1. Tell me the GluC sites (Glu not before Pro) within segment 1-75 that lie in a loop according to DSSP and have at most 15 other beta-carbon atoms within 10 Å.
2. Counting each pair of different Cα atoms once, what's the Kirkwood radius of the chain in Å, rounded to one decimal?
3. Can you run phi through the Karplus equation (6.51, -1.76, 1.60; θ = phi - 60°) for segment 23-34 and list ³J(HN,Hα) in whole Hz, with x for Gly and Pro?
4. For segment 1-72 and segment 82-145, write down the distance between their C-alpha centroids in whole Å.
5. For ASP135, enumerate residues with amide H under 5 Å from its amide H, sequence gap 5+ or separate chain, H modeled in the peptide plane.
6. In whole Hz and in residue order, list the ³J(HN,Hα) couplings for segment 63-77 that follow from phi through the Karplus curve 6.51 cos²θ - 1.76 cosθ + 1.60, θ = phi - 60°; x for Gly and Pro.
7. Could you tell me which trypsin sites (Lys or Arg not before Pro) in segment 39-130 are loop residues by DSSP with no more than 11 other beta carbons within 10 angstrom of their beta carbon?
8. May I ask for the net charge around LYS39, where only other residues with Cβ less than 13 Å from the Cβ of LYS39 are counted and Lys, Arg are +1 while Asp, Glu are -1?
Amino acid sequence: MEYSAKVMDHFMNPRNVGEIEDASGVGTVGNAKCGDIMKVYLKIENGIIEDAKFKTFGCGAAVATSSMATELVKGKTIKEALEITNKAVMEALDGLPPVKVHCSCLAEEALHAALWDYAEKNNIVIEGLEKPVNDIEELHNLPEE
Ligand code: FES
């Protein structure tokens, strides 16, 4: 299995590892199949994602995609954050091997879960955001391995 230099870099030196104590939103999503879990913390001020951190108990691709997803989301509006799909994260990492594509779904879903938590805490509706799943195996459009 071949990993791109960017994936290796974000796996070896992950950005934004940790937690945000007074996070505006926190999301946790797991994958029952492999047992991996990802937790994303967002600090949102005036509709802008000021900071993002993560903790991932999972494979190298899950660590690399959480690292890249948190990098991409920083400084974005909530609407722009919704455009950070697993495909966008994979592209930013110069691709992932096909068997590892589902790991990038964990990053997208954890991001959505943190935004959902933020929306619930603030009694707002984020247009285009669907209720996140706890386990990505529940997603119907999960890419085939
Ligand atoms: Fe579980 Fe990668 S193998 S997220």
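FYI, it's all coordinate maths here, none of it is from the lab. Remember, it's a predicted structure, so these values are computed and weren't measured experimentally. Glycine also receives a Cβ, built like all others from the backbone with ideal geometry; neighbour counts cover every protein chain displayed.
1. Filter output for segment 1-75: GLU2, GLU19, GLU21.
2. When all Cα pairs of the chain are included, the Kirkwood radius is 14.8 Å.
3. 4, 6, x, 10, x, 10, 9, x, 10, 4, 5, 9
4. 11 Å
5. The list, which skips near neighbours in sequence, is GLY30.
6. Result, ordered by residue: 5, 5, 6, 5, 4, 5, 4, 5, 5, 5, 7, 5, x, 8, 7 Hz.
7. Within segment 39-130, no trypsin sites (Lys or Arg not before Pro) qualify (loop, at most 11 other Cβ atoms within 10 Å).
8. -2
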